1. How big, in percent, is the set of alpha carbon pairs in the stretch 51-125 lying more than 19 Å apart?
2. In degrees between 0 and 90, to the nearest 10, how far off the longest principal axis of the chain does helix 115-135 point, with axes built from Cα atoms?
3. Hey, what do the phi angles of the stretch 96-108 turn into as Karplus ³J(HN,Hα) couplings, whole Hz, using 6.51/-1.76/1.60 and θ = phi - 60°, x for Gly and Pro?
4. Could you sort the peptides 3-11, 22-30 by per-residue average Cβ neighbour count (10 Å cutoff), highest mean leading?
5. Taking Rh as the Kirkwood radius computed over C-alpha pairs, what is the Stokes-Einstein D of the stretch 6-59 at 10 °C in a medium of viscosity 1.306 mPa s, expressed in µm² per second?
6. Enumerate the calculated ³J(HN,Hα) couplings along the stretch 42-52 in order (Karplus 6.51 cos²θ - 1.76 cosθ + 1.60, θ = phi - 60°), each rounded to whole Hz, writing x wherever the residue is Gly or Pro.
7. Could you calculate the contour length gain from Lys43 to Arg85, that is, 0.36 nm times the residue separation minus the distance between their Cα atoms, to one decimal place in nm?
8. Do the alpha carbons of any pairs in Lys10/Lys120; Lys37/Lys120; Lys10/Lys43; Lys10/Lys110; Lys10/Lys46; Lys10/Lys108 sit beyond 22 Å of each other, and which pairs?
Amino acid sequence: MEFMYEIIQKAHSGIAYLALGILVFAVINAFLAISSKRGFEDKDRKISLFALIFCHVQLLLGLVVYFVSPLGMAALGEMSNAALRLTSLEHPLINVIAIALITIGWSKHKKEESSNGKFKKIGYLYLAGLLLILSRIPWNLWF
């Protein structure tokens, strides 16, 4: 069981780089498109979709890690310890909210008629999700 936990935990840490990179790329792409007033193309849809998919995969791996890790649900009683509070409460809760915002951005962009509206929905909601994710990464465990 410990071997499986290590594999999943390393996958969660490794895919985080990809998920963050693609999410940053999707946000930059959306804001560059807003400023240049260009049309929403298939490549823009794919960039946003890949960001959404990688974030959801990251969330699923994170939930598995959470339920089997000693730093996850088992440490919920240690709220006076800031490091344990971050890994057992703040990191998972804020990241679930962040992924929900990203998912809402994806869903809302599909209902927009204008390209500018599509980019705004993706840009602002993906950015909000990105900022929340960055605010709750346990940096001391990541590097």
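1. Numbers: 1304 of 2775 pairs.
Roughly 47 percent, once rounded to a whole number.
2. 20
3. Each residue of the stretch 96-108 in turn: 5, 5, 4, 5, 4, 5, 4, 5, 5, x, 5, 5, 5 Hz.
4. Ranked from most to least packed, the peptides come out as 22-30, 3-11.
5. Estimated via Stokes-Einstein, D reaches 133 µm²/s.
6. Rounded to whole hertz, the list is 4, 5, 5, 4, 5, 4, 5, 5, 5, 4, 4.
7. Details: separation 42, 0.36 × 42 = 15.12 nm, distance 3.97 nm.
Result for the pair: 11.1 nm of gain on full extension.
8. Working: Lys10/Lys120 34 Å; Lys37/Lys120 11 Å; Lys10/Lys43 30 Å; Lys10/Lys110 34 Å; Lys10/Lys46 27 Å; Lys10/Lys108 33 Å.
Result: Lys10/Lys120; Lys10/Lys43; Lys10/Lys110; Lys10/Lys46; Lys10/Lys108 exceed 22 Å.
Every number in this text was worked out from the coordinates using simple rules, so none of it is lab data. Keep in mind it's a predicted model, so treat the numbers as computed, not measured. Quick reminder, even Gly has a Cβ in these numbers, built from the backbone with ideal geometry, and neighbours come from all protein chains shown.
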